[in-house]
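What follows is a short report on a single structure.
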Amino acid sequence: MKQKNIILCGFMGCGKSTVGSLLAKKNGMAFVDLDSYIEKKEGKTISEIFSDSGEAYFRALEREASKELSAKNGLVIAAGGGTLTFQENVDVLRENGKIVLLDIPVEVVAQRLVGDTTRPLLNRPDRDEAMKELYEKRLPVYRKAADVIIDGNQSPLQVCMEIMSIL
């Protein structure tokens, strides 16, 4: 039997990559970080893609990567923070997987991202305000896309074990 994919979603800093690699290891699955997958294919960082070609170009790459990864089985996929804000990506990833939201409060996001300059959408003078605004806009979209919602404000191992017990 083909093993469906597990797609982790949530706001930047929620632990998708950390939990995803742990979850993959514990389940004998392969782990793929969608942003890293795109970076490898393009030979550029996400920040470079945004600055060189713009967000629309990046979102097109994200759509293509979502389709490519959804066609495979047995993956734990850490979706980029904006991936599931597009229904087309939700639909294609759900075809062959379960979407799990790692839900954390915006205050925890702010703590986890202190000093992180790798987030193009937050590299602004009004960083905290921009983060809260983006978080409030995206959280309802994540909740709607998710098959399962997990409290991401616990240790990566606890989050992983909770996901395994539900799925």
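Below, the figures for the structure above:
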{"read-out": "Residue list for the stretch 87-111, filter: surrounded by fewer than 15 Cβ atoms within 10 Å (Cβ to Cβ) and either among the polar types (S, T, N, Q) or in contact (Cβ under 8 Å) with a residue 60 or more places away in the chain (or both)", "value": "GLN87, GLN111"}
{"read-out": "Candidate set from the stretch 37-48 (those that are at pLDDT 95 or above and in a helix (DSSP H, G or I)); member that is surrounded by the fewest Cβ atoms within 10 Å (Cβ to Cβ)", "value": "LYS40"}
{"read-out": "Output for the stretch 8-30, where each listed residue is outside any loop (DSSP other than H, G, I, E, B), without any contact (Cβ under 8 Å) to a residue 60 or more places away in the chain and either polar (S, T, N, Q) or surrounded by fewer than 20 Cβ atoms within 10 Å (Cβ to Cβ) (or both)", "value": "SER21, LYS25, ALA30"}
{"read-out": "Only one of ILE166, ILE149 that is under 27 Å from LYS98 (Cα atoms), modelled with pLDDT of 95 or more and not acidic (Asp, Glu)", "value": "ILE149"}
{"read-out": "Sole exception among (1) in contact with a Lys or Arg (Cβ under 9 Å, 6 or more places away or on another chain); (2) part of a strand (DSSP E or B) for ILE99, by number", "value": "(1)"}
{"read-out": "All positions within the stretch 43-54 that are in contact (Cβ under 8 Å) with a residue 12 or more places away in the chain and either of a type in the set (D, E, K, R) or touching a Ser or Thr at 6+ places or on another chain (Cβ under 7 Å) (or both)", "value": "SER47"}
{"read-out": "Yes/no for ILE99 being more than 24 Å from MET131 (Cβ to Cβ) and among the β-branched types (Val, Ile, Thr)", "value": "no"}
{"read-out": "Any hit, the stretch 123-137, residues being under 21 Å from ILE46 (Cβ atoms), in contact (Cβ under 8 Å) with a residue 12 or more places away in the chain and assigned to a loop (DSSP other than H, G, I, E, B)", "value": "yes"}
{"read-out": "Selection from the stretch 69-109 of residues that are over 11 Å from the mean Cα position of the chain (by Cα) and among the small types (Gly, Ala, Ser)", "value": "SER70, ALA71, GLY74, GLY97"}
{"read-out": "Number of positions in the stretch 49-86 that are surrounded by fewer than 17 Cβ atoms within 10 Å (Cβ to Cβ) and not in a helix (DSSP H, G or I)", "value": "6"}
{"read-out": "Scope the stretch 31-42; condition among the hydroxyl-bearing types (Ser, Thr, Tyr) and touching a residue at least 24 places away in the same chain (Cβ under 8 Å); matching residues", "value": "TYR37"}
{"read-out": "THR118, sole failed condition from (1) part of a loop (DSSP other than H, G, I, E, B); (2) under 17 Å from GLY152 (Cα atoms)", "value": "(2)"}
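The values are calculated or read from the model by the stated rules, or taken from the named source; none is laboratory data. Quick caveat, the model's predicted, so the values are computed rather than measured. Every residue, glycine among them, receives a Cβ derived from its backbone with ideal geometry; neighbour counts consider all protein chains shown.
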